[in-house]
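Note sheet for the following structure.
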Amino acid sequence: MNYIGSKVKLSVFIKETICSVVSSGLDNKVFCDLFAGTGAVGRSFKKDVKKVIANDFEFFSYVLNRNYIGNSRELENKEEYIQQLNDLPLLEGFIYNNYCLGKGGFRQYFSDYNGKKIDAIRQKINEWHIKGRIGEDMYYFLLASLIESADKVANTASVYGAFLKHLKKSASKKMILEPAYFDIDGKNHDVYNKDSNELVKKIEGDILYLDPPYNTRQYGANYHLLNTIALYDTFIPKGKTGLRAYNKSKYCSKKTVATSFEELVKNADFKYIFLSYNNEGLMTAEDVKRIMNKYGKYRITTKEYQRFKADKTANRNHKADATQEYLHILVK
Ligand SMILES: C[S@@+](CC[C@H](N)C(=O)[O-])C[C@H]1O[C@@H](n2cnc3c(N)ncnc32)[C@H](O)[C@@H]1O
């Protein structure tokens, strides 16, 4: 998924740095990815550590992490379930009625075909879950598969803050439900859907990886439709973009970010703390240093990184230059 702040391309740099700091090896360590997003970082550590704890306060992100991190044992007949969902007749439901042109609609987040297909699949997953035909692991595997597959055919410039006027090429394609495969390691991992600053008071471990938002763009607003597919509840979509009520993160406000960050570091029962942040963030590198320095031994590493870009159809004015990605390190 093309996610704002995704660490897919930085995961090698992050892992190499973490391994060089935590010299005693990873296999007996608990690794926590507290702002997990797509789960990219937790996934890169899953096989190497004793346990991963993954958390994010967006529900669609919980679904992804519950599957990619939380699922660690083989699920029987998963391809058969995917096939059955792909073979369903189309259905006019909440997504088709509110986020497609359909019969007189105006929001074109999905083609009519894909909106109906998402509705059909989402309702069947719910039915199987309620009737006990599938367990929790399968439920989240199928939901994660739907979120990933729907995102591939969304008619947006990459985030859901707006839809495009005309169907772009990838959005015109018929959605195919693809399995969201996860690594099988037979271990027990923990996945949460909580506010980071609340959860940190209740968990403990060895390595805490922090990747909070850098700027004022709220993830709940930018990815609202993924939450709507994941939750599949009923509400009155608001305004032109069909927004739902969404979480507001204290990490997205200049006023509250430093206090929240300090509270988090103070309450963290982890020896090693790593913070990904960039040079255009709400906190400066100096702010972070001043806070982390109070709680132990601090240092910083940096890497040049390509800025997050919306796709070309969007005609947005993102500059194509590189930014500095920081990895702040604290041994508490
Ligand atoms: C930069 S992204 C993380 C990206 C992730 N490392 C990846 O590679 O996909 C920041 C994440 O923090 C989450 N978030 C923001 N504020 C939060 C809070 N107070 N508690 C928990 N999660 C939060 C957002 O939903 C978002 O997914």
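The values are calculated or read from the model by the stated rules, or taken from the named source; none is laboratory data. Please read all numbers here as calculations on a predicted model, not as lab measurements. Neighbour counts run over all protein chains shown; Cβ positions are idealised from the backbone, glycine included.
Annotations for the structure displayed:
- Yes/no for Thr38 being within 16 Å of the ligand (Cβ to nearest atom), at pLDDT 95 or above and surrounded by fewer than 20 Cβ atoms within 10 Å (Cβ to Cβ): no
- Flag for Tyr140 being touching a helix residue (DSSP H, G or I) at 6+ places or on another chain (Cβ under 7 Å), closer than 23 Å to Lys238 by Cα and crowded, with 20+ Cβ neighbours inside 10 Å: no
- Considering each residue of the range 168-183 in turn, at least one proves to be buried (at least 22 other Cβ atoms within 10 Å of the Cβ), in contact with an Asp or Glu (Cβ under 7 Å, 6 or more places away or on another chain) and either aromatic (Phe, Trp, Tyr) or part of a loop (DSSP other than H, G, I, E, B) (or both).
- Filtered by the rule that a residue be at pLDDT 95 or above and either among the charged types (D, E, K, R) or in contact with a Phe, Trp or Tyr (Cβ under 6 Å, 6 or more places away or on another chain) (or both), the range 76-103 gives Glu76, Lys78, Glu79, Glu80, Asp87, Glu92, Tyr99, Cys100, Gly102.
- Residue check: Phe106 meets all listed conditions (1) assigned to a loop (DSSP other than H, G, I, E, B); (2) over 20 Å from Ala171 (Cβ atoms); (3) out of contact with any Leu (no Cβ under 8 Å at 6 or more places or on another chain) but one, namely (2).
- Only residues that are within 10 Å of the ligand (Cβ to nearest atom) and either among the β-branched types (Val, Ile, Thr) or without any contact (Cβ under 8 Å) to a residue 60 or more places away in the chain (or both) were counted in the range 216-234, giving 1.
- Filter result for the condition that a residue is within 16 Å of the ligand (Cβ to nearest atom), buried (at least 24 other Cβ atoms within 10 Å of the Cβ) and of a type in the set (Ser, Thr, Tyr), over Ser44, Ser61, Ser6: Ser61
- When the range 247-282 is limited to residues that are among the β-branched types (Val, Ile, Thr) and more than 15 Å from Phe35 (Cα to Cα), the one that is nearest to the ligand (Cβ to nearest atom) turns out to be Thr256.
- Boolean, Gly25 is in a loop (DSSP other than H, G, I, E, B), more than 29 Å from Leu164 (Cβ to Cβ) and either without any contact (Cβ under 8 Å) to a residue 24 or more places away in the chain or within 16 Å of the ligand (Cβ to nearest atom) (or both): yes
- Boolean, Asn86 is within 16 Å of the ligand (Cβ to nearest atom), more than 24 Å from Ile207 (Cβ to Cβ) and surrounded by fewer than 21 Cβ atoms within 10 Å (Cβ to Cβ): no
- Some residue of the range 201-215 being free of Cβ contacts under 8 Å to residues at least 24 places away in the same chain and within 15 Å of the ligand (Cβ to nearest atom): yes
- Criterion violated by Ile18 - all others in (1) away from the ligand (no atom under 13 Å from the Cβ); (2) closer than 30 Å to Leu264 by Cβ; (3) touching a Gly at 6+ places or on another chain (Cβ under 9 Å) satisfied: (3)
- Selection count, the range 11-43, where residues are of a type in the set (Phe, Trp, Tyr) and closer than 23 Å to Lys201 by Cβ: 2
- Some residue of the range 115-122 being part of a helix (DSSP H, G or I) and farther than 28 Å from Ala40 by Cα: yes
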